[in-house]
Amino acid sequence: MIRYFLPIIVSVVFIADSLFVNFFANQSWFHQWILSPKLTLIVLLLATIYINPKKGIQYAFFFGLLYDIVYTDLLGVYMFGMPAICYIVSKLLKVLQTNVVIITILTIVGITLLEFYVYEINSMIGLTHMSMDRFLTYRLYPTLILNLVFVVLLAYPLKKQFEKVAYKLTD
């Protein structure tokens, strides 16, 4: 049962991503900002950190492909971006400590890198005509604030669960 924990939790947050998008899109006080919850990436990064980097990158590839199929018109952007971010974070953790502050900062940096990557790809092929200033003001900063709240709420409970999973998988 423990080996199904990660696929189940990532699937649940994958679905929750779209629920949060619909919730924030329907709220009148958020109408000027584009809030993009990245719960899937947050959980994948935490799994990469606490369970196993190889498993985290593999799941990031699969759920990145699923993200492209379900949510975007362009196949391959998230399929490449999510595993690349997980790989970068796993390599950074070889020289950094794994305390909650560092993990929070790395997760926010990972979300920032993914947002810039997706924005640049969409700009290059003409899917978006948003200026960099508008992107920063209306998309990136609100997205980072929202996801920072999610990281603060999820990091510690998921750390405990993922450490239990990692311990049981090594037995």
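Is it fair to say T143 is among the hydroxyl-bearing types (S, T, Y) and in a helix (DSSP H, G or I)?
yes
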- Task: Please verify whether the range 87-108 includes one or more residues that are in contact with a Phe, Trp or Tyr (Cβ under 7 Å, 6 or more places away or on another chain), over 18 Å from A60 (Cβ atoms) and either surrounded by 16 or more Cβ atoms within 10 Å (Cβ to Cβ) or at pLDDT 95 or above (or both).
- Result: no
- Considering each residue of the range 139-171, count those that are over 19 Å from the mean Cα position of the chain (by Cα) and surrounded by 15 or more Cβ atoms within 10 Å (Cβ to Cβ), and give that number. 2
- Task: Provide a single number: the residues in the range 134-171 that are closer than 15 Å to L45 by Cα and among the basic types (K, R).
- Result: 2
- Task: Restrict the check to the range 95-103 and report whether at least one residue is more than 22 Å from F23 (Cβ to Cβ), polar (S, T, N, Q) and part of a helix (DSSP H, G or I).
- Result: no
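The values are calculated or read from the model by the stated rules, or taken from the named source; none is laboratory data. Bear in mind that the values here come from a model prediction, so they are computed numbers and not experimental data. We place every Cβ from the backbone using ideal geometry, glycine too, and count neighbours over all the protein chains shown.
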